[in-house]
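Since the structure comes first, as structure tokens, the remarks are kept for the end.
The values are calculated or read from the model by the stated rules, or taken from the named source; none is laboratory data. Computed from a predicted structure; not experimentally measured. All Cβ positions, glycine included, derive from the backbone under ideal geometry; neighbour counts span all protein chains shown. Accessible surface is based on the protein model in full, side chains and every heavy atom, while ligands, DNA and RNA are left aside. Shrake-Rupley method; radii C 1.70, N 1.55, O 1.52, S 1.80 Å.
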Amino acid sequence: MNNLKNKFDLKGKVAIVTGASKGIGESMAEIFAEAGAKVIVSSRKQDAVDEVAHSFKAKGYEATGIACHVGEMSQLKNLVEKTIEIYGGVDILVNNAATNPVFGPVLNTDESAFDKIMQVNVKAPFELAKLCYPSMKSRGGGSIINISSIGGLSPEPLLGIYSVSKSSVIMLTKVLAKEWGIDNIRANVVCPGLIQTKFSEALWKNEEMLQKSVKHLPISRIGQPDDLAGVALFLASEAAAYVTGSVYTVDGGYTV
Ligand SMILES: NC(=O)c1ccc[n+]([C@@H]2O[C@H](COP(=O)([O-])OP(=O)(O)OC[C@H]3O[C@@H](n4cnc5c(N)ncnc54)[C@H](OP(=O)(O)O)[C@@H]3O)[C@@H](O)[C@H]2O)c1
């Protein structure tokens, strides 16, 4: 029997969202909290995550801020341990934090930039998923939502190694879906197009560049962080109980 509200209800669930102090992560964290989840808002800066958690609490939601640089293994461990200490477990993980220190051709990308991109964008989601696995398994299942990019589907100009990392995130998601489906742990990946955040500032701040990008979009506007929230809620919830290993583009039709 279908029940629309219950299908999307996250009451009793605990969610960790990395990179949630602003942009796409904040929007996803907020919709989870609104749906009844207890949400861990995480990014590198404690004051920034505290501010977001307080703003959620002011709306009557449950949230706690925990600082974590996802490139640091000890901080990833601390994030999961503290979450379990505070809320008793983890049901939903959004690997959203990412970095891109270079904008330019591959020949200008040095070893340290390559390593940093892979550490933050690929290794961190892998390690964090593994850290959450025992708790998800013991609670009867879970949902992992990895944030990739349309650059993970085909290379974005001047974002070469970032595109490589985001493509790896898609394959990591499929691997987890295949290996952990038996434990009722689902893994899905979202590929945003151009979304108006600090991260993508270089691509939209200049009006001429923005118009150039928008010209290629069937839905002729730049995306907003809230455009991602509905897909995230679906994937986190019981409504997506049979959905795993799937790739969702949210790009205004750019890749069509
Ligand atoms: N915006 C786009 O057009 C677009 C397109 C495709 C894909 N994406 C993907 O969407 C995701 C979110 O991006 P966004 O556009 O929402 O960016 P954003 O608004 O700039 O937010 C990035 C978030 O990540 C945090 N962060 C950065 N480095 C971190 C690290 N090493 N450890 C932990 N947290 C870190 C930032 O907070 P602190 O500074 O406090 O750490 C912030 O909360 C990324 O995976 C990005 O690749 C974005």
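Here are the numbers for the structure shown:
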| quantity | calculated |
| --- | --- |
| Filter result for S168 (polar (S, T, N, Q), surrounded by fewer than 23 Cβ atoms within 10 Å (Cβ to Cβ), farther than 20 Å from V80 by Cα and in contact (Cβ under 8 Å) with a residue 60 or more places away in the chain) | no |
| Tabulated pairs, region 135-149, first over 13 Å from M171 (Cα atoms) and touching a residue at least 40 places away in the same chain (Cβ under 8 Å), second buried (at least 24 other Cβ atoms within 10 Å of the Cβ) and basic (K, R), C-beta under 6 angstrom, 6+ apart or interchain | S143/R186 |
| Any hit, region 177-187, residues being modelled with pLDDT of 95 or more and either touching a His at 6+ places or on another chain (Cβ under 8 Å) or within 16 Å of the ligand (Cβ to nearest atom) (or both) | yes |
| Matching option when the condition is basic (K, R), open to solvent by 20 Å² or more (accessible area, probe 1.4 Å) and within 16 Å of the ligand (Cβ to nearest atom), among K7, K22, K13, K38 | K22 |
| Subset of region 41-52 (residues that are open to solvent by 70 Å² or more (accessible area, probe 1.4 Å) and touching a residue at least 12 places away in the same chain (Cβ under 8 Å)) | R44, K45, Q46, E51 |
| Sole exception among (1) open to solvent by 10 Å² or more (accessible area, probe 1.4 Å); (2) without any contact (Cβ under 8 Å) to a residue 60 or more places away in the chain for A187, by number | (1) |
| Helices (runs of 4 or more DSSP H) fully within region 194-256 counting 3 or more residues that are aliphatic (A, V, I, L, M) and within 14 Å of I145 (Cβ to Cβ) | 229-236 |
| All positions within region 25-35 that are in a helix (DSSP H, G or I) and more than 12 Å from the ligand (Cβ to nearest atom) | E30, I31, F32, A33, E34 |
| Subset of region 48-77 [under 19 Å from I92 (Cβ atoms) and among the acidic types (D, E)] | E62 |
| Among (1) open to solvent by less than 10 Å² (accessible area, probe 1.4 Å); (2) in contact with a strand residue (DSSP E or B) (Cβ under 8 Å, 6 or more places away or on another chain) - the single one A229 does not satisfy | (2) |
| Qualifying residue in region 60-75 (condition: at pLDDT 95 or above, closer than 17 Å to D226 by Cα and not basic (K, R)) | no |
| Single residue of region 41-53 satisfying the filter (hydrophobic (A, V, I, L, M, F, W, C) and within 11 Å of the ligand (Cβ to nearest atom)) that is nearest to the chain's Cα centre (by Cα) | V41 |
| Filter pass, G223 being within 12 Å of the ligand (Cβ to nearest atom), closer than 30 Å to M136 by Cβ and either over 14 Å from the mean Cα position of the chain (by Cα) or open to solvent by less than 80 Å² (accessible area, probe 1.4 Å) (or both) | yes |
